[in-house]
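The values are calculated or read from the model by the stated rules, or taken from the named source; none is laboratory data. If you're wondering where the values come from, they're calculated on a predicted model, not measured in any experiment. Glycine also receives a Cβ, built like all others from the backbone with ideal geometry; neighbour counts cover every protein chain displayed. Heads up: the accessible areas ignore ligands, DNA and RNA and are worked out on the full protein's heavy atoms, side chains in. Shrake-Rupley method; radii C 1.70, N 1.55, O 1.52, S 1.80 Å.
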Amino acid sequence: MLFHERFMDIALKEAELAVSCGDVPIGALAVMGGEIISKGHNLREALNDPTAHAEMLVIRDSAEKMGKWRLKDITLYVTVEPCIMCAGAMILARIPQVVFGVYDPKGGGCGSVFQILQDPMLNHRVEIISGVREEMCRRVLQGFFNNCRGKRREETSPSPTVHQEPLQRKL
């Protein structure tokens, strides 16, 4: 497990970079033979691209670097369970294994909401390893959303006003 934890630590550093871009802190990397082929983080906000998930960017970059779309020697590391779009891309790229930190109970495509990667109707299956650095991945994600909620509260809370006496009705 130390092997997976070492790479998840790098994915967590990528997740922190997403925060600096104003995006949800999700980091990913592609590993082949113990070497990192590609790494990335969410860039949806920076690129105004709904498909700019960390996994999608890493898959695209890996295919370009390797000069092939079949990534059958890659292990994909992601801090959060991939969504259905990213899970579909893993199937299409023939990625054999995904390792992630924490499940996404609202939109996960690898077991929490949907199970794309093991669907018997599809032509490829992806081995799933979950829970690697789970607490740390959860803390990073929760910290981001707690911070967002705090900013929203500040923006919507009424600004202090000068106290005014109620109008007196004349009789």
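For every residue, the table says whether it meets (1) under 19 Å from GLU134 (Cβ atoms); (2) within 11 Å of the chain's Cα centre (by Cα).
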| residue | (1), (2) |
| --- | --- |
| HIS4 | yes, no |
| ILE10 | yes, no |
| GLU14 | yes, yes |
| ALA18 | yes, yes |
| ALA28 | yes, yes |
| ILE36 | no, no |
| GLU45 | no, no |
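Answer yes or no: is there a residue in the range 5-23 that is of a type in the set (Phe, Trp, Tyr) and open to solvent by 10 Å² or more (accessible area, probe 1.4 Å). There is no residue in the range 5-23 that is of a type in the set (Phe, Trp, Tyr) and open to solvent by 10 Å² or more (accessible area, probe 1.4 Å).
Modelled with pLDDT of 95 or more, touching a His at 6+ places or on another chain (Cβ under 8 Å), under 12 Å from ALA28 (Cβ atoms) and among the β-branched types (Val, Ile, Thr): which single residue out of VAL80, VAL99 fits that description? Exactly one residue qualifies, and that residue is VAL99. If the condition is being part of a loop (DSSP other than H, G, I, E, B), open to solvent by 10 Å² or more (accessible area, probe 1.4 Å) and either touching a helix residue (DSSP H, G or I) at 6+ places or on another chain (Cβ under 7 Å) or not aromatic (Phe, Trp, Tyr) (or both), then the range 92-108 contributes ARG94, PRO96, ASP104, PRO105, LYS106, GLY107. Annotation note: of LYS13, LYS65, LYS39, LYS72, the sole residue that is in contact with a Leu (Cβ under 6 Å, 6 or more places away or on another chain) and without any contact (Cβ under 8 Å) to a residue 40 or more places away in the chain is LYS39.
Residues are listed down the side, and each one gets a yes or a no for (1) modelled with pLDDT of 95 or more; (2) polar (S, T, N, Q); (3) under 25 Å from ARG139 (Cβ atoms):
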| position | (1), (2), (3) |
| --- | --- |
| ALA28 | yes, no, yes |
| GLY34 | yes, no, no |
| PRO50 | yes, no, no |
| ALA54 | yes, no, yes |
| ILE59 | yes, no, no |
| THR75 | yes, yes, yes |
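Exactly one residue out of ARG94, ARG60 is over 23 Å from LYS13 (Cα atoms) and among the basic types (Lys, Arg), and it is ARG94. Regarding ARG44, is this residue closer than 24 Å to GLY143 by Cα and either modelled with pLDDT of 95 or more or β-branched (Val, Ile, Thr) (or both)? For ARG44, the condition - closer than 24 Å to GLY143 by Cα and either modelled with pLDDT of 95 or more or β-branched (Val, Ile, Thr) (or both) - is met.
Close contacts from the range 96-110, counting a first residue that is under 25 Å from LYS72 (Cβ atoms) and a second that is open to solvent by less than 10 Å² (accessible area, probe 1.4 Å) and among the acidic types (Asp, Glu), with Cβ to Cβ under 7 Å and a gap of 6+ residues or different chains, come to PHE100/GLU81; GLY108/GLU81; CYS110/GLU81.
Only a single item in (1) in contact with a Phe, Trp or Tyr (Cβ under 9 Å, 6 or more places away or on another chain); (2) part of a helix (DSSP H, G or I); (3) open to solvent by 10 Å² or more (accessible area, probe 1.4 Å); (4) within 18 Å of ASP9 (Cβ to Cβ) is not met by LEU141, and it is number (1).
Search the range 36-91 for residues being touching a strand residue (DSSP E or B) at 6+ places or on another chain (Cβ under 9 Å), of a type in the set (D, E, K, R) and in a helix (DSSP H, G or I), and hand back the single one that is surrounded by the most Cβ atoms within 10 Å (Cβ to Cβ). My answer is GLU55.
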